[in-house]
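Reviewing the structure listed below.
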Amino acid sequence: MRMYDIIKKKRDGGELSTEEIEFFVEGYTKGEIPDYQASAMTMAVFFQGMTPRETTDLTLAMARSGDMLDLSVLGDKTVDKHSTGGVGDKVTLVVAPIAAALGCTVAKMSGRGLGHTGGTVDKLESIPGFKVELGADEFFSQVKDIGISVIGQSSNLTPADKKLYALRDVTASVESLPLIASSIISKKLAGGSQHIVLDVTCGSGAFMKTPEAAEELAKAMVEIGNMAGRHMTAVITNMDTPLGINIGNILEVKEAIEVLLGGGPSDLRYVCTEIASYMYASCFDCSADEARPKVLEAISSGAAFQKLRAMVGAQGGDVRYIDDPSLFESSKYSYEIKCPEDGYITSMNAETIGIASVVLGAGRATLEDSIDYKAGISLIKKTGDRVNAGDTIAILYTDDESKIPEARDMILGCMKLSLTEPEEETLIYKVIK
Ligand code: URA
């Protein structure tokens, strides 16, 4: 078999066999197929797509490219949750402790932020002392003791995805349904949980820009996961506007704590309640309507907050910061953006706001960049809000004062104002099982 022929077949719209897909994934993972051929291949897939059978084969080959975790010793209620990417998306920090407080087993590997989207691992690392790298024994024994651990991806989990994702990121081939579906589901299959809840985002801050495109992706991922014997649920959520108020690592940890204490912004509270309900419903085989009161009780009783505290303590984090978030360090500079005129905010571009937070230091442009955990943005006003000229619409936080004008102009430039009140945004479009 030759990689040249496989690329040509896909380029011309042919359907690849299981063997051809395995040849590509194995060869690329081992370094036998060079980057230039792999990038031609991903671009051919980008333009020609893949059949459901090809996408499934690609997913399984990627999942098997490294270690496949066996979580069966942890029982049958292991649950994982994955977002397809967003801005201000701190949902995992809220729903993982809720699910664990309700008896689900959360043994989860999360990623770092890249581009305009944030990553859970960076957010957890902003808690002083928190370790995201645990040995397998430590990881399993923590999950057995307290029902929850969230760590970074182990180095040999889906190495094919690590290489392919980095390649796609620099060759403009990220936004492809079969490539996104195989990237996400291969990691979830290798992660080993029986129950998988996907938060499939759509809108300006997501890879899928419309609910229809997100639904197509959600259906593909659910189908592959089900075929591999996992219980799948996909919740299609709105990412036209960043979720919650805060964007940036420490800022988002603080907001997640607020939600676990029964407060926080209503959009974030709602999305977290729903996703946690689907996690519980999948593990305990009930409906989301039956699960919801339990989720709300886990918050109001303080049990979910205590789970976060226990996880932070178990992973070396300083729990004083969880008990008193005012202890977190603040940025040297804060800058209030004022609204230029009266009206309603009718839209804001979540991707631009995510990039503005990266400009301020909250994210990284390449995986090697270091980040400033304190930096970020608080969106005081969001889509749908009535504003008057001179109102503060956002606060920027950074240690680098020179970045403020660029971030300010990006935010002002991506907000649209009108004198007509816009319709309320839908936060959850659909749930697919
Ligand atoms: N998240 C992933 O893990 N992979 C993709 O391809 C896109 C989003």
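The values are calculated or read from the model by the stated rules, or taken from the named source; none is laboratory data. What you see is a predicted model, and the numbers here were worked out from it, not measured in a lab. With ideal geometry, Cβ positions are generated from the backbone for all residues, glycine too; neighbour counts draw on all protein chains shown. All accessible areas refer to the heavy atoms of the entire protein, side chains included, with ligands and DNA or RNA removed. Shrake-Rupley method; radii C 1.70, N 1.55, O 1.52, S 1.80 Å.
Report whether or not Thr392 is of a type in the set (Val, Ile, Thr) and surrounded by 15 or more Cβ atoms within 10 Å (Cβ to Cβ).
Against the criterion (of a type in the set (Val, Ile, Thr) and surrounded by 15 or more Cβ atoms within 10 Å (Cβ to Cβ)), Thr392 does not qualify.
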- Query: For the stretch 243-267, which residues satisfy the criterion of being touching a strand residue (DSSP E or B) at 6+ places or on another chain (Cβ under 6 Å) and open to solvent by less than 10 Å² (accessible area, probe 1.4 Å)?
  - Reply: Ile247, Gly248, Glu252, Glu255
- Query: Restricting the search to the stretch 295-304, which residues are in contact with a helix residue (DSSP H, G or I) (Cβ under 6 Å, 6 or more places away or on another chain) and open to solvent by 20 Å² or more (accessible area, probe 1.4 Å)?
  - Reply: Ala303
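Restricting attention to the stretch 200-213, which residues are within 11 Å of the ligand (Cβ to nearest atom), assigned to a loop (DSSP other than H, G, I, E, B) and open to solvent by less than 10 Å² (accessible area, probe 1.4 Å)?
Scanning the stretch 200-213 gives a single hit, Ala206.
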- If you take the residues in the stretch 171-199 that are more than 10 Å from the ligand (Cβ to nearest atom), surrounded by 19 or more Cβ atoms within 10 Å (Cβ to Cβ) and not in a helix (DSSP H, G or I), which one is nearest to the chain's Cα centre (by Cα)? Asp199
- Message: Condition check: within 14 Å of the ligand (Cβ to nearest atom) and of a type outside the set (A, V, I, L, M). Does Ser154 satisfy that?
- Response: no
- Test set (1) in a loop (DSSP other than H, G, I, E, B); (2) within 19 Å of Glu255 (Cβ to Cβ); (3) modelled with pLDDT under 95 - Glu423 fails condition number: (2)
- Is it the case that the stretch 114-137 has a residue that's under 16 Å from the mean Cα position of the chain (by Cα), polar (S, T, N, Q), part of a helix (DSSP H, G or I) and within 16 Å of the ligand (Cβ to nearest atom)? yes
- Looking at Ser357, is it at pLDDT 95 or above, polar (S, T, N, Q), more than 24 Å from the chain's Cα centre (by Cα) and outside any strand (DSSP E or B)? no
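This table checks each residue for (1) over 30 Å from Ala213 (Cβ atoms); (2) free of Cβ contacts under 8 Å to residues at least 12 places away in the same chain; (3) touching a strand residue (DSSP E or B) at 6+ places or on another chain (Cβ under 9 Å); (4) open to solvent by 50 Å² or more (accessible area, probe 1.4 Å).
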residue	(1), (2), (3), (4)
Ala356	no, no, yes, no
Asp385	no, no, yes, yes
Asn388	yes, no, yes, yes
Asp400	yes, no, yes, yes
